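Report on the following structure.
The values are calculated or read from the model by the stated rules, or taken from the named source; none is laboratory data. Worth saying up front: this structure is predicted, and the values here are computed from it rather than measured. Every residue, glycine among them, receives a Cβ derived from its backbone with ideal geometry; neighbour counts consider all protein chains shown. Only protein heavy atoms, including side chains, enter the accessible area calculation; ligands, DNA and RNA are left aside. Shrake-Rupley method; radii C 1.70, N 1.55, O 1.52, S 1.80 Å.
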Amino acid sequence: MVMQMKNHEKAEKHPPEKVILMNMCMLCDGDQILALDKTGSNYSGTTFPGGHVEAGETFTEAVIREMKEETGLTIHHPVLKGIYHWYRDGLHNVGLLYRAESFEGDLKSSEEGQVYWITREEYEKKELAGGMRQVLQIMYDDNLTECFEELQPDGSYLGHLF
């Protein structure tokens with residue numbers, strides 16, 4: 001005899017996660033990419049612009065808004081390249097990774113940090129923010145679409161690419 005599981009029994013076996021949704025975008029202009037020297041106590045170093053998805057926004061609207069806020073540029077046609085995620089304090093942090101090559105406006109830095117154009121080779125020599133080496137790999141390798149940062153016993157994170 002086959003027994004069907006009731007909805008509340010399913011929820012107990014697989015409770016929903018609490019998730020924070022974010023985005024990040026690598027903006028390209030020929031052989032130059034837009035770098036952000038992020039300043040802040042919890043995440044610093046060279047990274048790409050991005051931020052949180054706000055209630056009611058689509059993911060695309062959120063990345064376009066964040067790019068405008070942090071760089072002064074309006075991007076067009078961002079392409080989803082992958083996912084970057086990790087757990088911290090019981091929350092699943094999920095970042096959608098975008099790449100864009102079309103934009104308009106005047107570049108300007110924000111309170112998030114200084115933004116400037118740099119080659120990939122120069123970018124890789126910078127003091128990168130956590131996980132950015134893996135993010136950069138996803139941006140350039142169409143066979144990679146996910147990075148999971150696993151919390152280590154010493155409190156550091158180890159990135160796994162898929």
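Here are the numbers for this structure:
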read-out	value
Any hit, the range 143-156, residues being out of contact with any helix residue (DSSP H, G or I) (no Cβ under 9 Å at 6 or more places or on another chain), at pLDDT below 95 and farther than 26 Å from Pro15 by Cα	yes
Qualifying residue in the range 87-108 (condition: in a helix (DSSP H, G or I) and surrounded by 14 or more Cβ atoms within 10 Å (Cβ to Cβ))	no
Number of the exception - Asp89 against (1) modelled with pLDDT of 95 or more; (2) out of contact with any helix residue (DSSP H, G or I) (no Cβ under 9 Å at 6 or more places or on another chain); (3) more than 19 Å from Leu161 (Cβ to Cβ)	(1)
Count - residues of the range 138-162 that are part of a loop (DSSP other than H, G, I, E, B) and touching a Phe, Trp or Tyr at 6+ places or on another chain (Cβ under 9 Å)	3
Matching residues, the range 123-156, being in contact (Cβ under 8 Å) with a residue 60 or more places away in the chain and open to solvent by 80 Å² or more (accessible area, probe 1.4 Å)	Glu127, Leu151
Cβ-Cβ under 9 Å pairs, at least 6 apart or on other chains, the range 84-97 side more than 15 Å from Gly51 (Cα to Cα) and of a type in the set (A, V, I, L, M), far side in a strand (DSSP E or B) and at pLDDT 95 or above	Leu91/Val19; Leu91/Ile20
In the range 39-86, the residues that are open to solvent by less than 30 Å² (accessible area, probe 1.4 Å) and small (Gly, Ala, Ser)	Gly45, Gly50, Gly51, Ala62, Gly72, Gly82
Of residues in the range 1-16 being open to solvent by 90 Å² or more (accessible area, probe 1.4 Å) and part of a helix (DSSP H, G or I), the one modelled with the highest pLDDT	Lys13
